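In what follows, a single structure is set out as structure tokens and then discussed.
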Amino acid sequence: RENPEKATAFFYDSLSGIIMVGTAICFLIIAVAREFIPLFLGPEYTECIMLIIAFAPVIIVKCISNAIRMHYLIPRKKESIYIKAVTVGALVNIILNFILIPPMGALGAEITTVCSELVALIIQILYMFEFKMFFRIY
């Protein structure tokens, strides 16, 4: 038997935990990148430090996106929302790749990826706002 209140509570609890873990991993990667890269990969890889730091926020975005997909959209048989969000994100990725990669190289590709993942997440969140499920007032 379906229990929407328990499902909603589980969603919020799991989302909170996922955001905490994802944020901790993101900032840990940012904090250790400057020491880790030269130590383990060698000084010739120091250019990768900024790339890793720039790409770290995608961890948080993907954590939230996956939580919404796995704990909200799929159980409610709304996979089409996720598919639409990913499709729009892919289109944004392609367009921004043409704009940012020529002048910025790898950093442009990373910025593009973070932006496209963020667009896909925002689309999912907007879908949830429509049903007033994402944010609850305490």
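The values are calculated or read from the model by the stated rules, or taken from the named source; none is laboratory data. Computed from a prediction, not measured in an experiment: that's the story for all the values here. FYI the Cβ positions are ideal-geometry reconstructions off the backbone, even for glycines, and counts take in every protein chain you see. With ligands, DNA and RNA removed, areas are computed over all heavy atoms of the protein, side chains included. Shrake-Rupley method; radii C 1.70, N 1.55, O 1.52, S 1.80 Å.
So here's what we get for this one:
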quantity: Hey, V86 out of contact with any Cys (no Cβ under 8 Å at 6 or more places or on another chain), at pLDDT 85 or above, assigned to a helix (DSSP H, G or I) and surrounded by 13 or more Cβ atoms within 10 Å (Cβ to Cβ) or not; calculated: yes
quantity: First in the range 11-36 and among the hydroxyl-bearing types (S, T, Y), second anywhere and open to solvent by 50 Å² or more (accessible area, probe 1.4 Å), Cβ under 8 Å, 6 or more apart; calculated: Y12/R136; S14/H71
quantity: Residue match in the range 51-60 (condition: surrounded by fewer than 18 Cβ atoms within 10 Å (Cβ to Cβ), free of Cβ contacts under 8 Å to residues at least 24 places away in the same chain and not in a helix (DSSP H, G or I)); calculated: no
quantity: Single condition Y72 does not satisfy, out of (1) surrounded by 14 or more Cβ atoms within 10 Å (Cβ to Cβ); (2) modelled with pLDDT of 90 or more; calculated: (2)
quantity: Test: E35 is under 21 Å from V119 (Cα atoms) and among the acidic types (D, E); calculated: no
